[in-house]
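**Student:** Have a look at the structure that comes next, please.
The values are calculated or read from the model by the stated rules, or taken from the named source; none is laboratory data. Only a predicted model underlies this, so the values are computations on that prediction, with no experimental measurement involved. Here the Cβ is made from the backbone with ideal geometry for all residues, glycine too, and neighbour counts use every protein chain on show. Surface accessibility is based on the protein's heavy atoms, side chains included, excluding ligands, DNA and RNA. Shrake-Rupley method; radii C 1.70, N 1.55, O 1.52, S 1.80 Å.
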Amino acid sequence: MNTHTFSGLAKRLIHEKLLDPESTEEHLVTSKRNGISFVNHLVKESIVNALTIALITSEEFGTPLYNLAAHDLSTIPKDLVDNKLVSQYQALPLFKRGNRLFLAVTDPTNLQALDDIKFNTGLTTDPILVEADKLEAAIEKFLTSQEESLGDTLGGLDDEEGLNDLDVDNTEKKESEENNEADEAPIVKFINKILLEAIRQGASDIHFEPYEKSYRIRFRTDGVLNEIQKPPSNLATRLAARLKVMSQMDISERRIPQDGRIKLNISRSKSIDFRVNTLPTLFGEKIVLRILDSASAKMGIDALGYEDEQKKLFMEALNQPQGMILVTGPTGSGKTVSLYTGLNILNTSERNISTAEDPVEINLEGINQVQVNNRVGLTFAESLRSFLRQDPDIVMVGEIRDLETAEISIKAAQTGHLVLSTLHTNSAAETLTRLLNMGVPTFNVATTVSLIIAQRLARRLCNHCRTPMDALPEEVMKEEGLTEQKTGIPRSEWQLFTAKGCSKCHRGYKGRVGVYEVVRITPQISHLIMEGGNSLDIAKQAQEEGFYNLRIAALRKVLMGLTSLEEANRITKD
């Protein structure tokens, strides 16, 4: 190979007999493959001395050589150039004069680096030639000082154990000009610390909230939001960028809401999924993470808080070859866990189970789960139609939202399939009237729905600090509904406690317990539906047949010592 095939510095190094043509070609290919400059490669591999190559470069391109060792690094302008660009191009900002930024570089002909930094900063860039080894040391020191400064701002994150063991399982990495912010080590550690702390506290949601002059992070623990951290408000963009990178979202899109998922590997054997949603607000993007623990679907029906008779009714309905089981309640009442628990019981090799969900919250092996996507026409109704052509035994519909979905679900339940679904109603009786109000014929509702579970989640009293409750006046107990006749529990068995609070719990509560109204659709209730009875008539008939409503179910949990009267009043009303 002849030297005329080379140009610039490579040609000059061959001319100076510091390299031969064959090895020069190899070094050029290797440096490109490793993503570093030709100069840095030669210095790192000790092919050419750093000072020698700097002097040759200076002479070849007419650029003065600057002694970086004599430069006071504390005067380097911070936050002008993104750290990722500094590291990627090995270009260190030395000082700014007006709208000109002077960069220490080892290759003044690297126009790509100069142009990218010019675009990033909006400043005209001028190269200053320095020795490669001194530049590498200076950049490392500069980036380290930046990380330490940000780490101090975020509260000593380096002391947190286990943060570096966390791993985000992303199969795809999105590139953006803002990735440099999201990739900063202190931000990464801070986000990991927040996620880890949320898991430790048993939180169900994490809220990242930007405001005009402040920023706060809150956990929803046992159904109640609590403020955890108040990082500086100027970090809002960096925190959002990091979370969006982890969630595989479009990091440059801030105008519309986005949805994503994070799979966080806590250890080799355990991982936690997060469902992530962004919402553009007046002062930035609010981001909420829902923590999805697949173990919650496998903890078994006994851990959910069903009473013996309620559990029996649920199991009987699950063992039916056809019919419809509806789980109702507001958002955050535990409907998903109840449905997944039922599906997990039914999940055997003899059954074909398909689900249509929006979104799919927990992945279950052996179940065919479909993520609804209305934008491409994959609605609940369309998914159901496809399921019925796939030889199903059991179908789960994430939510019945409209008449079309309701009619197809009813049809599936009438033709030999077991259908499970949810509605957002307050009680079992209101669930039946909601279907009727959607336009489902009374005959179909009366003959198809087999079981309705209305539920809430109550905070469970801490076993370590719960305190016996002072005796209440008789008239107060009657007003609250705490009577033997209503609750069905003899007074001699009552165990009333109040919340106190200790180091093992949060304000006297630890964990939650389900409160359920489980109603089987009996012939009498079916007859009432056919006659056009309203929700009050249906609720009265259900109570006459011995099905507890939510208020009585909550009071029974109070008398069993599982929760407090205050908590029962918070989640139910008479």
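**Student:** Could you tell me whether region 32-94 comes out rounded, prolate or oblate from its Cα gyration tensor? Rule is a ≥ b ≥ c as square roots of the eigenvalues, rounded for a/c under 1.5, then prolate if a/b exceeds b/c, otherwise oblate.
**Tutor:** oblate
**Student:** Follow-up. Note down the Stokes-Einstein diffusion coefficient of region 331-463 in µm²/s, whole number, using a Kirkwood radius over alpha carbon pairs, 10 °C, and 1.306 mPa s.
**Tutor:** 102
**Student:** If you roll a 1.4 angstrom probe over the protein chains with everything in place, what fraction of the accessible area of the chain belongs to carbon and sulfur, to the nearest %?
**Tutor:** Accessible surface attributable to carbon and sulfur in the chain totals 46 percent.
**Student:** Here is a follow-up. Which of the peptides 84-97, 549-562 is most tightly packed, and how do the rest follow, judged by the mean count of other Cβ atoms within 10 Å per residue?
**Tutor:** Per-residue Cβ counts within 10 Å, averaged per peptide and sorted highest first, yield 549-562, 84-97.
**Student:** Got a sec to turn the phi values of region 130-142 into Karplus ³J(HN,Hα) couplings, 6.51 cos²θ - 1.76 cosθ + 1.60 with θ = phi - 60°, whole Hz, x for Gly and Pro?
**Tutor:** 9, 6, 4, 5, 5, 5, 4, 5, 5, 5, 4, 5, 5
**Student:** Which of 18, 342, 251 sits farthest toward the positive end of the charge dipole of the chain, with +1 on the Cβ of Lys and Arg and -1 on the Cβ of Asp and Glu?
**Tutor:** 342
**Student:** Take the Cβ-Cβ distance between residue 530 and residue 385 as r, set R0 to 25 Å, and report the resulting FRET efficiency rounded to the nearest 0.05.
**Tutor:** 0.30
**Student:** Can you pull the Rg over Rh of region 426-547, Cα-only, Kirkwood?
**Tutor:** Dividing the radius of gyration by the Kirkwood radius yields 1.11.
**Student:** Moving on. May I ask you to evaluate 6.51 cos²θ - 1.76 cosθ + 1.60, the Karplus curve with θ = phi - 60°, for each residue of region 82-98 and list the ³J(HN,Hα) values in order in whole Hz, giving x for glycine and proline?
**Tutor:** My calculation for region 82-98 gives 4, 4, 5, 5, 4, 6, 5, 9, 6, 10, 9, x, 9, 6, 10, 10, x Hz in order.
**Student:** Still on this model: In the chain, with Lys and Arg counted as +1 and Asp and Glu as -1 at Cβ, which of these residues, 443, 406, 323, has the Cα nearest the positive end of the dipole, that is, farthest along it?
**Tutor:** About the Cα centre, the residue reaching furthest to the positive side is 443.
**Student:** Which three semi-axes in whole Å describe the equivalent ellipsoid of the chain, each the square root of 5 times a Cα gyration tensor eigenvalue, listed largest first?
**Tutor:** Semi-axis lengths for the chain are 64, 28, 19 Å.
**Student:** Heavy-atom accessible area per residue, region 304-370, 1.4 Å probe: how many Å²?
**Tutor:** 40
**Student:** Please say if region 221-276 is rounded, prolate or oblate, where rounded means a/c under 1.5 for a ≥ b ≥ c the square roots of the C-alpha gyration tensor eigenvalues, and otherwise the choice is prolate for a/b larger than b/c and oblate otherwise?
**Tutor:** oblate
**Student:** Now for a separate question. Highest mean first, what order results for 204-212, 229-237 on Cβ atoms within 10 Å?
**Tutor:** Peptide ranking by packing, descending: 204-212, 229-237.
**Student:** Same structure again: May I ask which residue of 527, 217, 368 lies farthest towards the positive end of the charge dipole of the chain, with charges of +1 (Lys, Arg) and -1 (Asp, Glu) on Cβ and the Cα centre as origin?
**Tutor:** Farthest along the dipole direction, towards plus: 527.
**Student:** Compute, for region 188-242, the length of the dipole vector about the Cα centre, with Cβ point charges of +1 (Lys, Arg) and -1 (Asp, Glu) only. Units Debye, rounded to 20.
**Tutor:** Using only the charged Cβ atoms, the result is roughly 260 debye.
**Student:** Output wanted: per-residue J couplings in Hz (rounded whole) for region 431-445, from phi through Karplus 6.51 cos²θ - 1.76 cosθ + 1.60, θ = phi - 60°, x for Gly and Pro.
**Tutor:** Coupling constants for region 431-445: 5, 5, 5, 5, 4, 5, 5, 5, x, 6, x, 4, 4, 5, 5 Hz.
**Student:** Shifting gears a bit: Considering amide H positions built from the backbone, and no H for Pro or chain starts, which residues 5 or more places from residue 327, or on another chain, come under 5 Å of its amide H?
**Tutor:** For residue 327, the qualifying residues are 421, 422, 423, 453.
**Student:** Assuming R0 = 22 Å, can you tell me the calculated FRET efficiency for the pair residue 537 and residue 477, based on Cβ-Cβ distance, to the nearest 0.05?
**Tutor:** The formula returns an efficiency of 0.15 here.
**Student:** If you average over every viewing direction, what projected area does the convex hull of the Cα atoms of region 385-478 give, in nm²?
**Tutor:** Over every viewing direction, the Cα hull of region 385-478 projects on average to 10.1 nm².
**Student:** Suppose every K and R has +1 on its Cβ and every D and E has -1 on its Cβ; what is the size of the dipole of region 473-556 about the Cα centre, in Debye to the nearest 20?
**Tutor:** In debye, rounded to 20, region 473-556 gives about 740.
**Student:** Also, I was wondering about something else. From the square roots a ≥ b ≥ c of the eigenvalues of the alpha-carbon gyration tensor of region 287-373, which class results: rounded (a/c under 1.5), prolate (a/b over b/c), or oblate?
**Tutor:** Oblate shape, in that a/c is at least 1.5 and b/c is the bigger or equal ratio.
**Student:** Mind putting together the pair-distance distribution for region 69-116? All Cα pairs, 5 Å bins, whole percent per bin, short to long.
**Tutor:** Computed distribution, short to long bins: 5, 19, 34, 27, 14, 2.
**Student:** Report the charge-dipole magnitude of the chain in Debye, nearest 20, computed about the Cα centre from +1 at each Lys and Arg Cβ and -1 at each Asp and Glu Cβ.
**Tutor:** Once rounded to the nearest 20, the dipole reads 1120 debye.
**Student:** With the crude spin-label approximation of a point 7 Å out along Cα→Cβ, what separation in nm comes out for residue 437 versus residue 213?
**Tutor:** Simple spin-label model gives 4.4 nm for this pair.
**Student:** Summing +1 for each Lys or Arg and -1 for each Asp or Glu, what net charge is found among the other residues whose Cβ lies under 14 Å from the Cβ of residue 537?
**Tutor:** That works out to -3.
**Student:** Another question about this same structure. Full-extension gain between residue 282 and residue 201, please, as 0.36 nm times their residue separation minus the C-alpha to C-alpha distance.
**Tutor:** Gain on extension, residue 282 to residue 201, equals 26.1 nm.
**Student:** Quickly estimate the mean residue ellipticity at 222 nm for the chain, helices only: each DSSP H run with n ≥ 4 gives -39500 (n - 2.57), and the total goes over all residues, rounded to 500.
**Tutor:** -11000 deg cm²/dmol
**Student:** If the chain between residue 32 and residue 493 were fully stretched, how many nm would it gain, using 0.36 nm times the residue separation less the Cα-Cα distance?
**Tutor:** The residue 32-residue 493 span can extend by a further 158.1 nm.
**Student:** Let me ask something else about it. Calculate the FRET efficiency for residue 70 and residue 97 from the Cβ-Cβ distance with a Förster distance of 25 Å, rounded to the nearest 0.05.
**Tutor:** Efficiency at R0 = 25 Å is approximately 0.85.
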